[in-house]
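The structure appears right after this line, and notes come after that.
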């Protein structure tokens, strides 16, 4: 029989304070150690263990594997009493019949009737364990857990504290410890087990997956998957993988497609459902041969490069989807490219004319191709998996900038399909980061290009970043609010979901922002921007400002980067006179300076000394701290706006007691800001200190 007290830990600050404790209620917390724990919960296909009131867990710790059967039991406040049978296994063995003989094996076989166990979900914990001692008496084991439940598209995170009685402890000991945690620490009892909390998340996610396909759709797609038409079978495998909740890379591997192509078919299915299976795929055209894809050309990801002729993806067109159009540069641009190639072969280093890039670019399309904006957006340059080009200390700054911009342009394209699909929030995050870095690179390298060469692209990047940011910022705020909510208990007086009305309002705003983002990505001007920008980035010398003839002017990377980085660092140090007694707007401005400094360091990492890794790490730490501070400030404003709107209504659609939970979240944002500001001085002293400056100097000394 397991007897323990369980408490919800509301936030990371409380978690860290508890982790620093060495005594509690007169007891000593001794022999503290940390361990990573990975659990997998299992049950039969028809849920026999859960129906019998048990959970089955396989736990992997660094030096052992333990199988445990636990009764779900009832809780009296914080105290849980449950039947528990466990056995140590020689290895990871999900089959109870192969467990060592004993009560755990017997119970598992009796409850399952010999039916095989199947994985339900996983759960991981970073656990700080301590022995609770009363002199020499081992009273209990203290376990402070940071829990992650990776179920669904956004894993749940929360903190929890367990105090489990040992053989030398008694219920009086447990009540004393629980009373201290309730009265002094204001912790709320956690009435549900980790399994029960995770199982609720699991069931909700399974319902979501089940709703992705109707029974008729599921049967029709399964028929295509078993059919003789290989291309349609691959599409069907893609959709079925999505309906199972598989990650996009695993879906692509199962279907035998590139990830980009798998995402394309998923987006097409969500828009047109079974219509993507209506027609047989067209045979591959000769122009698609040799793309290097291991799958037939109908399913290969089209590769658009500025030098290729205009084509329409026959597979997409045959399926009734928007044609995937490949665009050309236009006759004049193609002629210049041919001339530049010939000049290069003959040793001529003449540069391309920059002014031509500010002129309209002809984008011919095959007869019959659609002019619909959604179709135009399919004419994007394709996903690029090539290794990022490395810069050299001897090349001109303009060409180093071109390589850096091209690297992040490719990363933007790699994540566009995932952003459109909307299944993986990391795709949106990565696409936005790529646009941010390109905008930072524009500022950095602008002096080495003519203004007319960069101007059209800078405006488009700003619009793209703004559209992505409107969605991503709300994603971040919602994730943090959900993490806060997961630590709140029903006993808090705010109900089981204290932030439900706030999250609902934010979700509506996020959905609107996402709709606007998709409209932007489908616009013709965005498609043209990508084609023209790739033309510019893949044309060496285009738009570059040549060094004055006959004058010793610094223009290479080794000439300029040391001063450039020092200048960026000076922009950070300039805040010394304003800190720490500064308004929050000043901290936000410092965050932007740190970000520019960090990006510059990362752009030139290839040519700097090994010390640059530590320098980047310190700047990143400061940027993260200031980013969390900014998020808390923005969240405070949006929560206050929500509460104000509710108060302004004569009849609110949210009960006052429910709004108490939202008000507590507002208070939490103030606490977060206070704690981050308290941590700031130590980080700041390190960032402007002699060790940091020495390492920065050593890094640039390699130039």
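Available extension along the chain between residue 512 and residue 573 is 18.0 nm, counting 0.36 nm per residue and deducting the alpha carbon span. Using Stokes-Einstein with the Kirkwood hydrodynamic radius over Cα pairs, what translational diffusion coefficient do you get for the range 28-85 at 10 °C and a viscosity of 1.306 mPa s, in µm²/s rounded to a whole number? Answer from the Stokes-Einstein relation: 118 µm²/s. Based on alpha-carbon atoms, the Kirkwood radius and the radius of gyration of the range 2-208 give Rg/Rh equal to 0.97. Sorting 668-676, 418-426, 546-554 by their mean Cβ neighbour count within 10 Å, with the most densely packed peptide first, gives 418-426, 668-676, 546-554. In this simple spin-label model, placing a label point 7 Å from the Cα along the Cα-to-Cβ direction at both residue 184 and residue 167 gives a separation of 2.9 nm.
The distance linking the range 51-67 with the range 1-44 is 18 Å (Cα centroid to Cα centroid, whole angstrom). Here the extension length gained between residue 660 and residue 476 equals 64.0 nm, from 0.36 nm per residue of separation less the Cα-Cα distance. Each 5 Å bin, from zero up to the one with the longest distance, holds this percent of the alpha carbon pairs of the range 95-188: 3, 11, 14, 13, 12, 17, 17, 10, 5, 1.
Rg over Rh for the range 206-266 works out to 0.96, using Cα positions for both radii and the Kirkwood form for Rh.
When you count the other C-beta atoms within 10 angstrom of each residue and take the mean per peptide, 616-622, 498-504, 29-35 line up highest first as 498-504, 616-622, 29-35. The equivalent ellipsoid that matches the C-alpha gyration tensor of the range 557-700 spans semi-axes of 41, 14, 12 angstrom, in descending order.
Every number in this text was worked out from the coordinates using simple rules, so none of it is lab data. This structure is a prediction, so every number in the text was calculated from the model and none was measured. Note that we place each Cβ from the backbone using ideal geometry, even for glycine, and neighbour counts take in every protein chain shown.
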